[in-house]
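The values are calculated or read from the model by the stated rules, or taken from the named source; none is laboratory data. The shown structure was predicted, so the numbers you read here are calculated from the model rather than taken from an experiment. Backbone-built Cβ (ideal geometry, glycine too); neighbour counts: all protein chains shown. The area values use the complete protein model at the heavy-atom level, side chains included, leaving out ligands, DNA and RNA. Shrake-Rupley method; radii C 1.70, N 1.55, O 1.52, S 1.80 Å.
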Amino acid sequence: MNGNESKLPVRSYPQEGKQTELLQRLLAEDSNQEESLPTEVAIPEEQLDVLVFQLGGEHYGIDIHYVAEIVRYKEPAAVPHTVDFLDGIISVRGRMIPVINGRRRLGHEPAQPDKKTRIVVLQDGTEFQGIIVDSTSQVVPLLKKDIEPTPPVVTGFKAEFLEGVFRNRNQLIILLNLQRFLQYV
Amino acid sequence: MEKESAKRDFISEAEEILEELTGDIQSLETSIRRNNVRPDLINKIFRQFHSLKGISGMLGFEKISGFTHELENMLDNLRLGKIAVSQKVVDVLFQSMDLMHGMIAELIDEQTDGIDPGPVLRKVNELIQEEESSAQRNTFPGLDLDQQTLQSLTEYEEHRLHENMIQGAQLYNVRLVLDNATFDLELREISDLLNQHGEVISTLPSFEISAGPGKMVFRLLYGTGLTAEAILRKLGRTEITASSIRKETNQTGRVETLEEEQEPEKALETSLKSLSRTVRVDIQKLDEVINVIGELVITRAMVANVSRELIAAEGHSRLGITLSRVAVDLEKKLNELQRNVIETRLVPVGQIYHKLGRMVRKLSRETNKQVDLRFSGEDTELDKIMIEELSDPLMHIIRNAIDHGIESADERKKAGKPDRGTIRLSAFQRGNNVVIQVQDDGRGIQIKKVQEQARKRGLLPADRVPDIKECIDILFSPGFSSSDEVTELSGRGVGLDVVKKNISGLKGFISVSTEEGRGTMFEITLPITLAIIQALIVRTGETKYAVPMSSISETVQIENSNIHTVDRKEVYCLRDRTIPLIRISEVFQLPQNVRGERQYLVIVNVGEYSAGLVVDELAGQQEIVIKSMGEKLKNIPGIAGATEIGESKPVLVIDAESMVEEATHGRMRAG
């Protein structure tokens, strides 16, 4: 950060697919032990950057750490014998990525894709997942202390997906719990 | 980070060394049996443990470096002749190998206290204590050597000199006069040449001014079966003299055998050379290259399309024609590139043979059965990934062969067979496939035993007497184990069904032939690589699928009159056979589409069975790269993965075997 005013902190992302599982584990261990790598862990723990996207007129946010890239909508190829909110698979640079329909996952009516529709590609280790969203808008920094608990209007299975809400200017952004959001068999 | 990559490098390097060591220790064992242990083999084993000690010590893996240190001491005594080279030593070496593998696995799993080197270490130390007292050392009354020369010999050289005397080799003092500028090269050349016909025991520089300026004189102590004249003839140089240093010369006729035995040494050296020219590459990198090629293939298809459109729009314009030529050229180059990359992924099957050899040793000890493992075709090449996946199924089959196939020595004697059982492991290429056979000379599959066991497990109705073909099917059914009691070897509820599953996961299939009293042969047929395969693109309704050509036997146009139903299940009469019909949309529970005027049947073979996939269109053959759809979509029945064929959407790749299984089970449930 060295005094420069960049909004996006330096952060190292795992390189796509280059690491074996073993190395992943090693890396994990590495970052636990050696706190002193300045370029890699220069983010104050209480701050994170959030990618904001829209679903059914609402603003949702996810930790940008897991976002590998954002691509324009392309029609997925259907995959049988799987959950109904999985629209299928798309190919991004030769990699097959299962794509979840964000609206269906939240129990909304699915929408016809238009030119704003995006697929947010998430990466967790060597696993990739896509989420179809109505649009993406911005990346905002967020201090953890600004996260408010989810208002009790949300109930049922959807409540688990939500980590909390926060305000950015006059927008209310709903923070997703990605782990639960992406959990399905 | 640096430390981690160093660790990774260490692991792969250590595994490489261990792999080679396994082979070396095996040849040591054979050479003990044949009584022709070569000193350089022991030296090589010593050096390899030495480097293991070195690199593990450097990286602070104390457990490994500590153990290898002791082992190195033992091996040092071994090469100095203080310990006799015996089966006991080989056993300890093999146990050490197991331990090393264990400790490296520990390193990978980030554990440190699972494995105790103690017991093996004790055995190593026992051997070190066992130093043979050899009183004759340091005095060579039969040799014409001055005291100064004798004193300049190292302990090892003394030992070798002694050994050479015992073996009755001729001993010479070979005097070389070499040029100062090139002596190192020449010396090595001469030593190499001499070592092919004997052993250079010691190289002693000598100070003789008489040789002239710019010259150096060396004396080689050389043990051989050759005569002095023969040595000079072999060397073909003039500034060399050879004089015998044995006082009484008792000639022995070992010349030929010596020459013959030194041949492998030569081969070893060339193989070492080629080793140094190899590069170790993470297979994932190759996968990435193949991915990029896959994308280029699609780009090429686009170029071809544009050229066609251009020609259609503008007639045979110069640009259009040039573009289409470029597309053709691009295709050729891409094919070449693809072939080359695939070749880099291929490794010889022999890589797993060593591992299996180790296991057979262990099992034959545990079961008290004497089993020889014979290899052939170790040069047959197969995709690296497949080789890795293959070792478990092969181990299982070999375990079965030792546990159930090979009889005890008594039983074998009664049956008029040699005491030692034999398992033959052979690999060869057949067309675009690699075939691996595991053949034992045991008792064969016993119908009666299988039948009994199958009844016990409710796999066979009480009144039914199966034929051999049915027996084999039963063997491959889940949960079947023919052993009366569950043994540590092949019991544990994991049966041949898992083997079959693994093999079909590799797009291969397995077949069995057996003869009671004579033995059993398992034959595994695999494609050479999984990276790129030939596939038939088919369409049903709106959706296209890719079906691997390896599982297709033929395609036919459907004659509606040949479709019948048996118990409400659709079957098709194909010439003299009746095969089940499978509609993809039914298996995948997709909405039924309107059936087209004309439909085709893709006949797929699953082992010995056939089934017909009904499709609306055969859209041509294509080379495809099967890609995983990620962990979550890994095990969908009927689907092997996905691929791109140059269209906007990926297409699913049909896994014929699980598709047929899914289809027939589905019907059974419905019925």
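Of all the numbered requirements in (1) farther than 24 Å from B:H162 by Cβ; (2) in contact with a Ser or Thr (Cβ under 6 Å, 6 or more places away or on another chain); (3) not hydroxyl-bearing (S, T, Y), B:P117 misses one, and that requirement is (2).
Elements of the type helices (runs of 4 or more DSSP H) sitting completely within the range B:399-492 and holding at least 2 residues that are modelled with pLDDT of 85 or more: these cover B:409-414. Restricting B:E366, B:E407 to those that are open to solvent by 30 Å² or more (accessible area, probe 1.4 Å) and more than 11 Å from the chain's Cα centre (by Cα) reduces the list to B:E366.
The residue that is modelled with the highest pLDDT, counting only those in the range B:642-670 that are among the small types (G, A, S) and crowded, with 23+ Cβ neighbours inside 10 Å, is B:A642.
In the range B:605-618, the residue that is nearest to the other protein chains (Cβ to nearest Cβ) out of those that are out of contact with any Phe, Trp or Tyr (no Cβ under 8 Å at 6 or more places or on another chain) and open to solvent by less than 40 Å² (accessible area, probe 1.4 Å) is B:L613.
When we screen A:T126, A:T82 for residues that are under 16 Å from the mean Cα position of the chain (by Cα), buried (at least 16 other Cβ atoms within 10 Å of the Cβ) and within 14 Å of chain B (Cβ to nearest Cβ), the only hit is A:T126. Residues in the range A:91-114 that are of a type in the set (S, T, Y) and more than 10 Å from chain B (Cβ to nearest Cβ): 0 in all.
Screening A:T136 on (1) within 16 Å of A:I64 (Cβ to Cβ); (2) within 14 Å of chain B (Cβ to nearest Cβ); (3) of a type in the set (S, T, N, Q) shows it passes everything except condition (2). Taking (1) within 11 Å of chain A (Cβ to nearest Cβ); (2) buried (at least 21 other Cβ atoms within 10 Å of the Cβ) in turn, B:S585 satisfies each apart from (2). Restricting B:E260, B:E248, B:E256, B:E265 to those that are at pLDDT below 60 and surrounded by 13 or more Cβ atoms within 10 Å (Cβ to Cβ) reduces the list to B:E265.
Of the residues in the range A:57-79, none is within 14 Å of another protein chain (Cβ to nearest Cβ), within 25 Å of A:T150 (Cβ to Cβ) and open to solvent by less than 20 Å² (accessible area, probe 1.4 Å). Among the residues that make up the range A:36-56, is at least one of them in contact (Cβ under 8 Å) with a residue 40 or more places away in the chain, assigned to a loop (DSSP other than H, G, I, E, B) and within 14 Å of chain B (Cβ to nearest Cβ)? Within the range A:36-56 (the criterion being in contact (Cβ under 8 Å) with a residue 40 or more places away in the chain, assigned to a loop (DSSP other than H, G, I, E, B) and within 14 Å of chain B (Cβ to nearest Cβ)), the answer is no, since none of the residues qualifies. Inside the range A:92-123, residues that are closer than 27 Å to B:I624 by Cα, open to solvent by 60 Å² or more (accessible area, probe 1.4 Å) and assigned to a loop (DSSP other than H, G, I, E, B) make up a count of 1. Hey, B:N77 hits all of (1) open to solvent by less than 20 Å² (accessible area, probe 1.4 Å); (2) more than 26 Å from B:L363 (Cα to Cα); (3) in contact with an Asp or Glu (Cβ under 8 Å, 6 or more places away or on another chain); (4) in contact (Cβ under 8 Å) with a residue 60 or more places away in the chain but one; which does it fall short on? B:N77 satisfies every listed condition except (4).
Would you pick out the residues in the range B:537-550 that are open to solvent by 20 Å² or more (accessible area, probe 1.4 Å) and under 28 Å from B:D576 (Cα atoms)? B:R539, B:M549, B:S550 - these are the residues of the range B:537-550 that are open to solvent by 20 Å² or more (accessible area, probe 1.4 Å) and under 28 Å from B:D576 (Cα atoms).
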